[in-house]
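Notes follow the structure.
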Amino acid sequence: MGEVGPDGAVGEQRVSGDGGRKLSVTFDPGTFRVADARRLAVRYLAASRGEPWPERVVQATQLVVSELVTNAVKYGSGPVRLSLAVADGVMSVTVRDGETTLPTPRPADPGRVGQHGLEIVAALSQDLDVRREPTGKRITARIALR
């Protein structure tokens, strides 16, 4: 596994063979704040290339991370794993948790209060993939970097 940080996250950082950088952290929802996940994503983006990313990319990444981690903490179970990767002009944000129930897409409803997270993620992403896994579920949003 990796090193335990002061925020309760256990993380590992790898550089893949294709030159892309990957970061994964696993945390206990009871000790890790969503704001910590957003800050982690910003630090990851800053370290993943020599020049700053466009503000649009940073803001979209923060919001997608915030929405997916919030949903995992609120509706999931067990430890939550956040993985970030930049490759081929795409930022992949993947969140896994131990709950096997997949989120149900809802039609847009401006009168509904709350539960718009996946709508927001889908709007900011070029692709959204939701899958059941043997130990829970995995949601991956891919954000165009160009």
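The values are calculated or read from the model by the stated rules, or taken from the named source; none is laboratory data. In this text, all values refer to a predicted model and were calculated from it rather than measured experimentally. So basically every Cβ, Gly included, is an ideal-geometry build from the backbone, and we count neighbours across all protein chains shown. Quick note on the areas: whole protein, heavy atoms, side chains included, nothing else; ligands and nucleic acids left out. Shrake-Rupley method; radii C 1.70, N 1.55, O 1.52, S 1.80 Å.
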In the set Asp127, Asp88, Asp109, the lone residue that is under 29 Å from Arg49 (Cβ atoms), acidic (Asp, Glu) and without any contact (Cβ under 8 Å) to a residue 24 or more places away in the chain is Asp127
Within segment 72-93, restricting to residues that are in a helix (DSSP H, G or I) and under 18 Å from Ser24 (Cβ atoms), the one that is farthest from the chain's Cα centre (by Cα) is Val73
Tyr75: passes all of (1) on the phi < 0 side of the Ramachandran plot; (2) modelled with pLDDT of 90 or more; (3) open to solvent by less than 40 Å² (accessible area, probe 1.4 Å) but (3)
Query raised in the report: Among the residues of segment 124-144, is any at pLDDT below 95, assigned to a loop (DSSP other than H, G, I, E, B) and of a type in the set (Gly, Ala, Ser)?
Result: no
The condition from (1) free of Cβ contacts under 8 Å to residues at least 40 places away in the same chain; (2) more than 10 Å from the chain's Cα centre (by Cα); (3) over 19 Å from Leu145 (Cβ atoms) that Val69 misses is numbered (2)
When Arg96 is run through (1) assigned to a helix (DSSP H, G or I); (2) open to solvent by 50 Å² or more (accessible area, probe 1.4 Å), the failure sits at (1)
Filter segment 99-133 for residues that are polar (S, T, N, Q) and farther than 28 Å from Val58 by Cβ; the one that is surrounded by the most Cβ atoms within 10 Å (Cβ to Cβ) is Thr100
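Filter segment 103-123 for residues that are assigned to a helix (DSSP H, G or I) and among the β-branched types (Val, Ile, Thr); which is modelled with the lowest pLDDT?
For segment 103-123, the residue satisfying everything is Ile120.
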Scanning segment 29-40 residue by residue, those surrounded by 11 or more Cβ atoms within 10 Å (Cβ to Cβ) and more than 15 Å from Ser92 (Cα to Cα) turn out to be Pro29, Phe32, Arg33, Val34, Ala35, Asp36, Arg39
For Thr140, indicate whether it is of a type in the set (S, T, N, Q) and farther than 18 Å from Val64 by Cβ. no
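State the number of residues belonging to segment 23-40 that are of a type in the set (Phe, Trp, Tyr) and over 15 Å from Pro79 (Cβ atoms).
Count: 0.
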Within segment 41-71, restricting to residues that are outside any helix (DSSP H, G or I) and either open to solvent by less than 50 Å² (accessible area, probe 1.4 Å) or touching a Gly at 6+ places or on another chain (Cβ under 8 Å) (or both), the one that is nearest to Arg131 (Cα to Cα) is Ser48
